[in-house]
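Structure record follows, encoded as structure tokens.
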Amino acid sequence: MSTTTSNLGMAFVDAIVAPNSLFKTYQHMSRYGHFVLLGVLLAAVLSQYFFFSNMSDQHLLNQQLAQVSDLTKSELVVVKDAMEKSLPYTGIFVGGMQAASILLQILLISAFVLVVAKMRPQSAVSSFKDTTALVSWCYMPVVANALGLVLLAFTASSPDLPLSVASYGSLNELVLHLDNNHPLSGWAQSLTIFDLWVVALLAVGFKNKLALTGKNAFVMALAPFAIVYGVWFLIA
């Protein structure tokens, strides 16, 4: 792996597998921050659209109904009717919701980083645009996640896959295997190895651009995720 990022293509690779190389020349690459943010959001939307678009309507409906099995008969009729009407838009809706969640995370973390940067004169970032670009680069694992989902869907013997495949990198799919009725199912499906990857990239970015120690950079990177998933775990 090159020790510099002299072009955008190498910068994308470095952002995922060699972040130190990226951040050493970050002033040059920060100008592409808005393109990276757009790419991350589009990857989330398009991968979900691809995953759902080839499923048969009946399979998708059955999968969705299986997740709401605790409804009464009358409630089930209403929900089923609504689901049938929305089937053609499932991929776009799920992808859009995922993209909105990612965008909110990036903006909130960027605001948090800006507050810290303002308190550190030696920081290499000084504006919300700078911090948003920095955090957007650190969310490149979203693209890796999206590519993995597309690959799984493309190589499957049938397009009618379980909905859980969309969360193939989650704690639930990899380790816990909780059923849909378990109180922690949603929590375990949402927490993924790609979140941990993002935390690792954020820690490297904060160390390089905020002049923090490795320990403090890691704590700062982990804090937003620990708060959200910690509170969710406690109230689930």
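The values are calculated or read from the model by the stated rules, or taken from the named source; none is laboratory data. The structure displayed is predicted, hence computed values, not measured ones. With ideal geometry, Cβ positions are generated from the backbone for all residues, glycine too; neighbour counts draw on all protein chains shown.
Return only the number of the condition from (1) at pLDDT below 90; (2) crowded, with 18+ Cβ neighbours inside 10 Å; (3) of a type outside the set (S, T, N, Q); (4) farther than 25 Å from Leu196 by Cα that Val125 does not satisfy.
(4)
Only one of Ser101, Ser74 is hydroxyl-bearing (Ser, Thr, Tyr), under 25 Å from Leu178 (Cα atoms) and part of a helix (DSSP H, G or I). Can you tell me which? Outline the logic, then answer.
Numbers: Ser74 fails: under 25 Å from Leu178 (Cα atoms).
When all the criteria are applied, what remains is Ser101.
Just need a number here: residues in the range 105-121 that are crowded, with 16+ Cβ neighbours inside 10 Å and in a loop (DSSP other than H, G, I, E, B).
So the answer is 0.
Cβ-Cβ below 7 Å, separation at least six or inter-chain, first residue in the range 146-164 and more than 17 Å from Ser190 (Cβ to Cβ), second aromatic (Phe, Trp, Tyr): which pairs?
Cβ pairs passing all conditions: Val150/Phe50; Leu152/Tyr168; Ala153/Phe50; Ala153/Phe51.
Residues of the range 210-230 being loosely packed, with under 12 Cβ neighbours inside 10 Å and outside any helix (DSSP H, G or I), which ones?
Initial filter on the range 210-230 (loosely packed, with under 12 Cβ neighbours inside 10 Å): 213-215, 227, 230.
Passing the criteria: only Thr213.
Within the range 141-160, can one find any residue that is farther than 26 Å from Val17 by Cβ and of a type in the set (A, V, I, L, M)? I'd like the intermediate steps shown before the answer.
Looking only at the range 141-160, we keep the residues that are farther than 26 Å from Val17 by Cβ, and these are 156-160.
Imposing the further condition that a residue be of a type in the set (A, V, I, L, M) reduces the set to 156.
Yes; the residues of the range 141-160 include at least one that is farther than 26 Å from Val17 by Cβ and of a type in the set (A, V, I, L, M).
Keeping to the range 191-204, report how many residues are over 9 Å from the mean Cα position of the chain (by Cα), assigned to a helix (DSSP H, G or I) and of a type outside the set (Phe, Trp, Tyr). Please lay out each step first, then the result.
As a first pass, look at the range 191-204 and keep what is over 9 Å from the mean Cα position of the chain (by Cα): 191, 193, 196-197, 199-204.
Restricting the remaining residues to those that are assigned to a helix (DSSP H, G or I) gives 193, 196-197, 199-204.
The next check asks that each one be of a type outside the set (Phe, Trp, Tyr); those that pass are 193, 196, 199-204.
Residues that pass the stated criteria total 8.
Identify, by number, the condition in (1) in a helix (DSSP H, G or I); (2) in contact (Cβ under 8 Å) with a residue 12 or more places away in the chain that Ala124 doesn't meet.
That leaves (1) as the condition not met.
Just to verify a result, which residue in the range 148-180, among those that are assigned to a loop (DSSP other than H, G, I, E, B) and among the hydrophobic types (A, V, I, L, M, F, W, C), is surrounded by the fewest Cβ atoms within 10 Å (Cβ to Cβ)?
Residues of the range 148-180 that are assigned to a loop (DSSP other than H, G, I, E, B), as a first pass: 156-162, 168-169, 177-180.
From what's left, among the hydrophobic types (A, V, I, L, M, F, W, C): 156, 161, 178.
Values: Ala156: 13, Leu161: 20, Leu178: 17.
Going through the qualifying residues, I end up with Ala156.
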